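Undergrad: Take this structure first; my questions come after.
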Amino acid sequence: MTEQSGQTVVLTGAAGGMGRAITKALLESGRRVVLVDRDAKALQELAATAGDAVLPIQLDISDAKAVDGLPDAIPGHFKPVEILINNAGHDIGGRTRFDIGSADDWSNIIQTNLIGLMRVTRAILPGMIQRNAGHVVNISSINAVRIVPDMAAYSTSKAGVHMFTETLRGELAETAIRVTELQPGLTRTNIILTRYRGDTRKEKDYFDQFRMALEPADIARSIIFALDQPPHVQIAEMMILPVNRY
């Protein structure tokens, strides 16, 4: 048994491509996972493969009331929550010039990627502060710190995640709670397919522009690296890129 065995992790966006890879890595490390996702069918399919070490909770993180009730929805045998991984996010309607894209699309991206992430953190963090122990991992993007045309809403949401993470780390500096931000580059997940609302041709054309991309397992492995550091070590920020990007 390792020191990390038995830790409980709350993982948002658990049923997507990135979430599934992270779930697999967490379970292999001996941790238990509260799987949070808005897609009930995909969530149950994932949970069915993982046994008693997972707990599925269907929840849309843009639903404020549902998020506020998240701690109460976690049963006692899955508490305390030692780790929160904010992975949920989307770019539906994205890769479109700002003045052409839908204002509702832009608003929905911000509501999920930034406001939803902040709400989930607000729901889980008080328990960590009470115990003076825990780890918050926020998955932002290379877009948080680099300009990518036609991605104004998505990049703004991820830049917000970046600054929120930095500020949260500062606010918790006198505690034992660790705060980590991951900034993945191009990764082969279903975020591109959902961006184009299921248009597989557009998804293929998008990835065909690039010589290579990261795989979800690359991000999952990086998260485990950050989690497995000694308690006095905090991986504050990690940028992960394919070797042909800069």
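None of the figures in this text is laboratory data; all of them are computed from the coordinates on show. Here the structure is a predicted model, which means the values were calculated and not measured. Here the Cβ positions follow ideal geometry from the backbone for every residue, glycine too, while neighbour counts run over all protein chains shown.
Undergrad: Contour minus end-to-end for LEU193 and ALA217, with contour as 0.36 nm per residue of separation and end-to-end as the Cα-Cα distance? Mind showing how you got there, number by number?
TA: Details: separation 24, 0.36 × 24 = 8.64 nm, distance 1.85 nm.
Result for the pair: 6.8 nm of gain on full extension.
Undergrad: So, in Å, what gap is there between the alpha-carbon centers of segment 211-246 and segment 53-92?
TA: Cα centroid of segment 211-246 versus Cα centroid of segment 53-92: 23 Å apart.
Undergrad: Label ASN132 and ILE147 with points 7 Å out from Cα along Cα→Cβ: what is the distance between them in nm?
TA: Reported label-point gap for ASN132 and ILE147 is 4.6 nm.
Undergrad: Tell me, what does the Kirkwood hydrodynamic radius of the chain come to in angstroms if you use every pair of distinct C-alpha atoms? Write down the numbers at each step before the final one.
TA: Values: mean 1/r = 0.0549 Å⁻¹.
One over the average 1/r among Cα pairs gives 18.2 Å for the chain.
Undergrad: Can you tell me the order of 113-125, 92-104 when each peptide is scored by its average per-residue count of other Cβ atoms within 10 angstrom, highest first? Mind showing how you got there, number by number?
TA: Details: 113-125: 20.6, 92-104: 13.3.
Ranked from most to least packed, the peptides come out as 113-125, 92-104.
Undergrad: Next up: Pop a pseudo-label 7 angstrom from the Cα along the beta-carbon direction at both GLU166 and THR200 and give the gap in nm to one decimal.
TA: 4.2
Undergrad: How far is it, in nm, from the label point at SER102 to the one at ASP63 when both lie 7 Å from their Cα along the line to the Cβ?
TA: If labels sit at SER102 and ASP63, their model points lie 2.0 nm apart.
Undergrad: Let me ask another. Assign unit charges at the C-beta atoms only (+1 for Lys and Arg, -1 for Asp and Glu), then state the dipole size of the chain relative to its Cα centre in Debye, rounded to the nearest 20.
TA: Numbers: 26 positive and 28 negative charges, 61 e Å.
Using Cβ point charges on Lys, Arg, Asp and Glu, the chain gives about 300 debye.
Undergrad: Let me ask something else. Which value in deg cm²/dmol, rounded to the nearest 500, describes the helix-derived mean residue ellipticity at 222 nm for the chain, given -39,500 (n - 2.57) per DSSP H run of n ≥ 4 and division by the residue count?
TA: Values: 10 runs with 99 residues, N = 246.
Theoretical 222 nm ellipticity from helices: -12000 deg cm²/dmol.
Undergrad: Still on this structure: Nearest 10 degrees, 0 to 90: what angle lies between the long axis of helix 17-28 and the longest principal axis of the chain (Cα atoms)?
TA: Tilt of helix 17-28: around 20 degrees.
Undergrad: So what is the relative contact order of segment 8-240, in percent, for Cα pairs below 8 Å that sit 6 or more residues apart?
TA: Details: 413 pairs, mean separation 49.4, N = 233.
21 percent.
Undergrad: Next question. Using only the Cα atoms of segment 152-223, build the gyration tensor, take square roots of its eigenvalues as a ≥ b ≥ c, and label the shape rounded, prolate or oblate: rounded if a/c is under 1.5, else prolate if a/b is larger than b/c, else oblate. If you can, show how the numbers build up before the last one.
TA: On the way: a/c = 3.39, a/b = 2.07, b/c = 1.64.
Here segment 152-223 falls in the prolate category.
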